[in-house]
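Chemist: Can you keep this structure in mind? I'll have questions shortly.
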Amino acid sequence: MHETADFRSDTVTRPTPEMRRAMAEAVVGDDVLGDDPTVARLEELTAALFGKEAGLFVPSGTMGNAVCLGAQAAPGEELLAEEWCHSLNFEAGGPAGLWGILTRPLRSDRGTLDPDLVARWIREGSLHTPRTALLAVECTHNFHGGAVVPLENLRELFALTRERGIALHLDGARLWNAAVATGTPLAEYGAVCDSLSVCLSKGLGAPVGSVVLGSAGLVGRAGFLRKRLGGGMRQSGVLAAAGIVALETMRDRLGEDHENARRLARGLAELPGVEVDLERVETNILFARFPGRSAAELAARLAGHGVLTLDTDREVCRFVTHHDVDAEDVDRAVAVLGDILRT
Ligand SMILES: Cc1ncc(COP(=O)(O)O)c(C=O)c1O
């Protein structure tokens, strides 16, 4: 049990002692000059895991998505994306603000897009219409409660985008969780997208960083855009070293987070005045609804008892499980919330 049970996000995880050791001992160089062997190793290792030609270490998932989108669509071209995806909603308007990309949000079934709908929206471009340049998909899907987009759906979408001559970008910030939840080898995900961004700083617990993956050409363009955004880092092997430990030691334990999320969901479902759909808890994220109550007020009262959550809507809180919360924290959260709801 921890002093504070922090369910706000898996981004709150702190580096493990092994990561801190690796950071202290990392062999480094100037990565902007191509001299940092630890960054190069992280990029190669990650690319190999997903069967992609090349990788690029970037400071954040937001920058990972930004450089992938900017590398594959020109100003005035169109991006089709799931309506609640992170890129459209929580990246400070990046596609439009940075690259002048037109965005078209599409409805989905918890992140899973209907290929027929996508096919209808892809536009070749004409005197009047923009050309659709790419499709973006998010897996697992954060704001659909950590939902796993089925591999088969990704395969269909990739076949469609290939046929129609547009690119597919996969926001795989938590693709590690999808792989563990479904037993899918990472390379199978690498085979169904042109570009991919994976985060080291969420469930895997590294302090900083994401890796962009794709062909050598795409990663080269992404590297140019990273520099434009000021994301060229110098002795970043210090950070990459933690990322390597994250890749090597933290992937296999994600199942524990999924089990804790189910434990939390079962506990919450027993409480009066809480709606939570157990069937929908597939990975490490769950949304709970508190009909008729203020989620902000509940979150503030929980915080007063050392349990942190995020109110994401008027009656809804999001809970995320990760390396730094355990089963006892889960039980404590349920007990504290139960006391609050009964008063
Ligand atoms: C699905 C998804 N993509 C991208 C990001 C952005 O990552 P970062 O916070 O490292 O910029 C997040 C962050 O939570 C996310 O949930």
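The values are calculated or read from the model by the stated rules, or taken from the named source; none is laboratory data. As the structure is a computational prediction, the values presented were derived from the model and not from experiment. Ideal geometry is used to build each Cβ from the backbone, glycine not excepted, and the neighbour counts take in all protein chains shown. Ligands, DNA and RNA are excluded from the accessible area calculation, which covers all protein heavy atoms including side chains. Shrake-Rupley method; radii C 1.70, N 1.55, O 1.52, S 1.80 Å.
Chemist: Among the residues that make up segment 2-13, is at least one of them without any contact (Cβ under 8 Å) to a residue 12 or more places away in the chain and out of contact with any strand residue (DSSP E or B) (no Cβ under 8 Å at 6 or more places or on another chain)? Talk me through it step by step, then tell me what you get.
Modeler: Here is the first cut: in segment 2-13, the ones without any contact (Cβ under 8 Å) to a residue 12 or more places away in the chain are none.
So far as segment 2-13 goes, no, none of its residues is without any contact (Cβ under 8 Å) to a residue 12 or more places away in the chain and out of contact with any strand residue (DSSP E or B) (no Cβ under 8 Å at 6 or more places or on another chain).
Chemist: Let me ask another. Can you name the condition, by its number, that LEU310 falls short on among (1) of a type in the set (A, V, I, L, M, F, W, C); (2) open to solvent by 10 Å² or more (accessible area, probe 1.4 Å); (3) more than 25 Å from the chain's Cα centre (by Cα)?
Modeler: Status for LEU310: all satisfied but (3).
Chemist: Inside segment 179-211, can you point out the residues that are within 11 Å of the ligand (Cβ to nearest atom), out of contact with any strand residue (DSSP E or B) (no Cβ under 7 Å at 6 or more places or on another chain) and among the aliphatic types (A, V, I, L, M)?
Modeler: Within segment 179-211, ALA206, VAL208 qualify.
Chemist: So is LEU264 hydrophobic (A, V, I, L, M, F, W, C), open to solvent by less than 10 Å² (accessible area, probe 1.4 Å), farther than 27 Å from ARG21 by Cα and touching a residue at least 24 places away in the same chain (Cβ under 8 Å) or not? I'd like the intermediate steps shown before the answer.
Modeler: Values: hydrophobic (A, V, I, L, M, F, W, C): yes; open to solvent by less than 10 Å² (accessible area, probe 1.4 Å): yes; farther than 27 Å from ARG21 by Cα: yes; touching a residue at least 24 places away in the same chain (Cβ under 8 Å): yes.
Criteria met by LEU264.
Chemist: Let me ask something else. Which one of HIS169, HIS141 is at pLDDT 95 or above, more than 24 Å from THR312 (Cβ to Cβ), within 18 Å of the chain's Cα centre (by Cα) and surrounded by 22 or more Cβ atoms within 10 Å (Cβ to Cβ)?
Modeler: Details: HIS141 fails: more than 24 Å from THR312 (Cβ to Cβ).
Of the residues listed, the single one that is at pLDDT 95 or above, more than 24 Å from THR312 (Cβ to Cβ), within 18 Å of the chain's Cα centre (by Cα) and surrounded by 22 or more Cβ atoms within 10 Å (Cβ to Cβ) is HIS169.
Chemist: How many residues are touching a strand residue (DSSP E or B) at 6+ places or on another chain (Cβ under 7 Å) and within 16 Å of the ligand (Cβ to nearest atom) if we restrict to segment 135-173? Don't jump to the end; show me each part of the working.
Modeler: From segment 135-173, those touching a strand residue (DSSP E or B) at 6+ places or on another chain (Cβ under 7 Å) are 135-142, 145-147, 149-150, 153-154, 157-158, 161, 166-173; that's our starting set.
From the residues that got through so far, the ones that are within 16 Å of the ligand (Cβ to nearest atom) too are 135-142, 145-147, 149, 154, 168-173.
The number of residues fulfilling the criteria is 19.
Chemist: Every residue in segment 267-289 that is open to solvent by less than 10 Å² (accessible area, probe 1.4 Å) and in contact with a strand residue (DSSP E or B) (Cβ under 7 Å, 6 or more places away or on another chain), please.
Modeler: Kept after step one, since they are open to solvent by less than 10 Å² (accessible area, probe 1.4 Å), are these residues of segment 267-289: 268, 283-286, 288.
Residues satisfying the conditions are LEU268, ASN284, ILE285, LEU286, ALA288.
Chemist: Another question, then. Inspect segment 311-319 for any residue being touching a residue at least 60 places away in the same chain (Cβ under 8 Å), touching a helix residue (DSSP H, G or I) at 6+ places or on another chain (Cβ under 7 Å) and β-branched (Val, Ile, Thr) and give the result as yes or no.
Modeler: No, that holds for no residue.
Chemist: Among the residues of segment 203-226, count how many are among the aliphatic types (A, V, I, L, M) and part of a loop (DSSP other than H, G, I, E, B). Step through it out loud before you land on a result.
Modeler: Within segment 203-226, the subset among the aliphatic types (A, V, I, L, M) is 204, 206, 208, 211-213, 216, 218-219, 222, 225.
Subsequent filtering for residues that are part of a loop (DSSP other than H, G, I, E, B) retains 204, 206, 208.
Residues in segment 203-226 being among the aliphatic types (A, V, I, L, M) and part of a loop (DSSP other than H, G, I, E, B): 3 in total.
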